[in-house]
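The values are calculated or read from the model by the stated rules, or taken from the named source; none is laboratory data. On a predicted model such as this, the values are computed, not experimentally measured, just so you know. FYI the Cβ positions are ideal-geometry reconstructions off the backbone, even for glycines, and counts take in every protein chain you see. When the accessible area is computed, the model is the full protein with side chains, heavy atoms only, and any ligands, DNA or RNA have been set aside. Shrake-Rupley method; radii C 1.70, N 1.55, O 1.52, S 1.80 Å.
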Amino acid sequence: QVQLRDSGGGPVQAGGSLRLSCAASGIRDIAWVVAWFRQKPGEEREFVAAIKWSGQREYYADSLKDRLTISRDNTHVTRLAMNDLKPEDTAMYYCAAQRGLNLMDRSPAAFEFWGQGTQVTVSS
């Protein structure tokens, strides 16, 4: 069974940076995709970025790609570095994983496994 534990959120001032982490257990091969989504109060969950478990391909939401870097090294931790944060980035951020998915599948419904979420709050 795959389990995800996301962390690294917190309060930050506008223009600052945060690095979120998603620690995965139970992922056994490179066919998996790990993604980050975010959800603001009263809104639907929104795709942020995704990476193949091999770490060789990445995909970003167009509106965010200039301020994000998703990565995975030789550990079971996927990281999302966010720079130049804005108040509108305030949301609960979730990591998600699914085996055999197209990297560009942006639908939350395509992912079976989810972390518990980590809150990012950006103040102006």
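Points worth noting:
- If the condition is being on the phi < 0 side of the Ramachandran plot, open to solvent by 20 Å² or more (accessible area, probe 1.4 Å) and not in a strand (DSSP E or B), then region 2-12 contributes only 9.
Every residue, every condition in (1) under 15 Å from residue 90 (Cα atoms); (2) among the basic types (Lys, Arg), yes or no:
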| residue | (1), (2) |
| --- | --- |
| 9 | yes, no |
| 12 | yes, no |
| 23 | no, no |
| 28 | no, yes |
| 32 | no, no |
| 51 | no, no |
| 55 | no, no |
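- Residue 117 vs. criteria out of contact with any Leu (no Cβ under 9 Å at 6 or more places or on another chain), open to solvent by less than 70 Å² (accessible area, probe 1.4 Å) and closer than 19 Å to residue 10 by Cα: yes
- Selection from region 55-89 of residues that are under 11 Å from the mean Cα position of the chain (by Cα), polar (S, T, N, Q) and farther than 22 Å from residue 107 by Cβ: 69, 71
- Selection from region 75-85 of residues that are touching a strand residue (DSSP E or B) at 6+ places or on another chain (Cβ under 6 Å) and of a type outside the set (A, V, I, L, M, F, W, C): 76, 78, 79
- Of all the numbered requirements in (1) closer than 22 Å to residue 84 by Cα; (2) over 15 Å from the mean Cα position of the chain (by Cα); (3) open to solvent by less than 20 Å² (accessible area, probe 1.4 Å), residue 15 misses one, and that requirement is (3).
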